[in-house]
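Below: the structure, in structure tokens.
The values are calculated or read from the model by the stated rules, or taken from the named source; none is laboratory data. Bear in mind that the values here come from a model prediction, so they are computed numbers and not experimental data. Note that we place each Cβ from the backbone using ideal geometry, even for glycine, and neighbour counts take in every protein chain shown. Protein only, heavy atoms only, side chains kept; ligands, DNA and RNA dropped before computing areas. Shrake-Rupley method; radii C 1.70, N 1.55, O 1.52, S 1.80 Å.
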Amino acid sequence: MTHKHPLVSRSAVTLLLFWAGLSVIESFTLTRYAHKSTAIAGLWLNNYPTKSLFSTPLFGQHQYDDGLDEQSNRSLQFHMMNLLKIDEDAKRQSEKVKALSSIIQSCNNVLEDIDEAESIRNKESERINLPEDLSAIRCFINTSSRSKDHRNCFRVFHGEDKVSLPPNVLLSMNRPFTFLRDSLSYQSDDSEKKRGGMMYDGSEALVWCSLPGDQNFEFCSSVMDGMPFSQLYLGIDHDEDYLDVEMDVETINKLALQNILCNEQVSNEDGRTRRQCKIKMDDLNVIQTIVSEEALDDEKRTLIKLIDAAVELVRTDPLNERDEPHLVLLAHCVSSSVVASAISSWKEQQLQNQQSSRRVEDLLNQALTVVTFGNSCRSFCDGPAYIHISMFDDPWTNTLGAHSGNEEGSGGGQNAVYFHAYSPYDEEDVNQAQKATSVCSLKSHNAHNLNSCLIQYLCLIMRINGIQSFRALYDSARFVDPTAILDINPKHFAVNYSNHGELVIPPRIDHELLPAMIYATGGGSWLWDNDDESHTDVDEVLPDEIEARSHLEESFGYSVFEEIQACCRQKVMDKS
């Protein structure tokens, strides 16, 4: 006789087995897609809390959660000096580039997932109203919400929206540099009305080759009295400050062995092969310039095509009867190394076509002007007209970049022009806490700051001398008067004003005029350490309004202080 359990029926057993089968299928499905980012998972499960999701074993996180400590999920800090230096040992340099390429690949995977989530969220975006001069090419305009889609494109300055133009569209036009100057460059309403400015005559197409960062080119334009700047995106301009990336422990150990990571020791005590890390977006963009042969290859090709177009204009129209603008490439910090690499690649291609080195360099000199601010590169090939602007107390340019103190024949290219001064940011005022972390950030000293020092110094030089183009600035600095025959060496003069060819550089420019110009333009709002109470106060390094006004009006006349403030005030208000 068969005895049945009084509480369990056959139907109940069947129901339990069915429920268990569903649980297994659900667990398998969730585990399979565990590698997707938190953003994608959040969209898929609507409003489920991320923390509770990843605390369950279903996502395969049990191997990290219980044993996760501060060291296994902390930010990777890179020793910038060791990161940017080229190792003399070819094998060590190759291992370094390979490890950095692995980091880029891991970060790109995470960025792809984030962009995918963003594109889903903004799938039904409103139609963007473009300026009239861009309406005819609306079908080619890139309005994607994904940051990677705007990489290697020319920015369209249009409010807060991400809008850009692919380079192949621009370079397929009959007059690409005219279109670049008139339609793709930032110009304020005031500068459009007056059709130029005190420091711009419309003879050049200015292209900022920039990595994402604190540089604000609308502000730079206002400092330069409405000078129109266009921008070519190098790398990815993303809203995220940090990326949560799963890294290979072996890669981290290789970088630690070469002292590229700060406060990081070679370790694998827990036996794990992967580790969750946080990586700064700014650091990622710097790393991309080091392995630019792979990471920024598309951007280099675009720069090469721009140089091709500029040189072709010189070949076919040497007298510039078409009145086409002259090409000027501008770069700050590590972006200069990408520009230098592209110019070198273009030159090598021409030399392989059996052209003489002298002819190639002559064409480059006529077709291209390159302006760098606080550069960190010493491999500028001969040819273009180079203008290098930096501060004497900039630790990064002094250690890694091209400046007048380098040995002759190395660094900034043949016949390069250098402009140097001392910034008002005294290095002795930097406290010990900042000195301890300075090697881990390119923003350790404001002498390297474009918006709070370098652009104001350039403005002063051009304004004092009435210069309206970068090519005129280069030619004036290189000019040697053959009729000026002196019976005494100028170095014995009490005051030597003309120490850059025809240019007048007042001896008090860095002591009085530069701090006053930074104050008048509102450059203090862009200081990198302005939000940290432990750092030096702005009032301690910059003059007050009365002192700044007196210095500027003494050199440029009455009401100049109000004029400068009125031009830059709106951009400073937008920053604050």
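With r as the distance between the Cβ atoms of residue 439 and residue 86 and R0 = 22 Å, compute the FRET efficiency 1/(1 + (r/R0)^6) and round to 0.05.
So, using R0 = 22 Å, E works out to roughly 0.80.
Under a plain spin-label model, where a point goes 7 Å from the Cα along Cα-to-Cβ, how far apart in nm are residue 148 and residue 414?
Result: 4.3 nm between the two label points.
Give the accessible surface of the range 322-366 per residue, rounded to a whole number of Å², with probe radius 1.4 Å and ligands, DNA and RNA excluded.
On the way: 1860 Å² over 45 residues.
About 41 Å² of surface per residue is accessible.
What are the residues whose amide H is under 5 Å from the amide H of residue 277, where those residues sit 5 or more places off or on another chain and H is modelled from the backbone?
HN-HN under 5 Å from residue 277: 245, 246, 247.
Order 251, 143 by their accessible area, 1.4 angstrom probe, all chains in place, largest first.
Sorted by accessible area, descending: 143, 251.
Would you rank 316, 302 by solvent-accessible area, highest first, keeping every protein chain in place and using a 1.4 Å probe?
Putting 316, 302 in descending order of accessible area: 316, 302.
Mind giving me the FRET efficiency for residue 553 and residue 182? R0 is 30 Å, r the Cβ-Cβ distance, nearest 0.05 is fine.
Efficiency, rounded to the nearest 0.05: 0.30.
Looking only at the range 552-569, which residues have a backbone nitrogen under 17 Å from a spot 7 Å from the Cα of residue 218 in the C-beta direction?
Correct set: 566-569.
Take the Cβ-Cβ distance between residue 161 and residue 244 as r, set R0 to 35 Å, and report the resulting FRET efficiency rounded to the nearest 0.05. Could the numbers behind the result be given before it?
Values: r = 27 Å, r/R0 = 0.77.
Efficiency for this residue pair is about 0.80.
How do 555, 230, 106 stack up against each other in accessible area, from largest to smallest, with a 1.4 angstrom probe?
Details: 555 50, 230 0, 106 20 Å².
Solvent-accessible surface, decreasing: 555, 106, 230.
With 19 Å as the limit, write out which pairs from 85/254; 162/280; 280/300; 254/278 have Cα-Cα distances beyond it, or answer none.
In this structure, 162/280; 280/300 exceed 19 Å between Cα atoms.
With every protein chain left in place, what is the accessible area of residue 173 in Å² (1.4 Å probe, nearest 10)?
Its heavy atoms expose roughly 50 Å² to the probe.
Could you pull out which residues in the range 73-117 have an amide N less than 17 Å from a spot 7 Å beyond the Cα of residue 272, following the Cα-Cβ vector?
Answer for the range 73-117: 73-77.
Where the accessible area of the range 357-396 is counted over protein heavy atoms with a 1.4 Å probe, how much of it, in %, is carbon and sulfur? Mind showing how you got there, number by number?
Details: 470 of 1100 Å².
Its accessible area is 43 percent carbon and sulfur atoms.
Would you please put 559-567, 474-482, 131-139 in order of how densely packed they are, using the mean number of other Cβ atoms within 10 angstrom per residue and starting with the highest? Don't jump to the answer; show the numbers that get you there.
On the way: 559-567: 16.4, 474-482: 14.7, 131-139: 10.7.
So the peptides 559-567, 474-482, 131-139, ranked by packing, come out 559-567, 474-482, 131-139.
Quote the charge dipole size of the range 331-392 about the Cα centre in Debye, to the nearest 20; the model charges only the Cβ of Lys and Arg (+1) and of Asp and Glu (-1).
Computed charge dipole of the range 331-392: roughly 40 debye.
Using a 7 Å offset from Cα along Cα-Cβ at residue 422, what residues in the range 383-400 end up with backbone N under 20 Å from the label point?
389-399
For the range 312-391, rounded, prolate or oblate, judged on the Cα gyration tensor with a ≥ b ≥ c (square roots of eigenvalues), a/c < 1.5 rounded, else prolate if a/b > b/c?
The shape class here is oblate.
When all protein chains stay in place, what accessible area (Å², nearest 10, 1.4 Å probe) is found for residue 157?
Looks like 50 Å² after rounding.
For residue 511 and residue 345 in the same chain, what is the full-extension length gain: residue separation times 0.36 nm, less their Cα-Cα distance, in nm?
Numbers: separation 166, 0.36 × 166 = 59.76 nm, distance 4.06 nm.
Length gained, residue 511 through residue 345: 55.7 nm.
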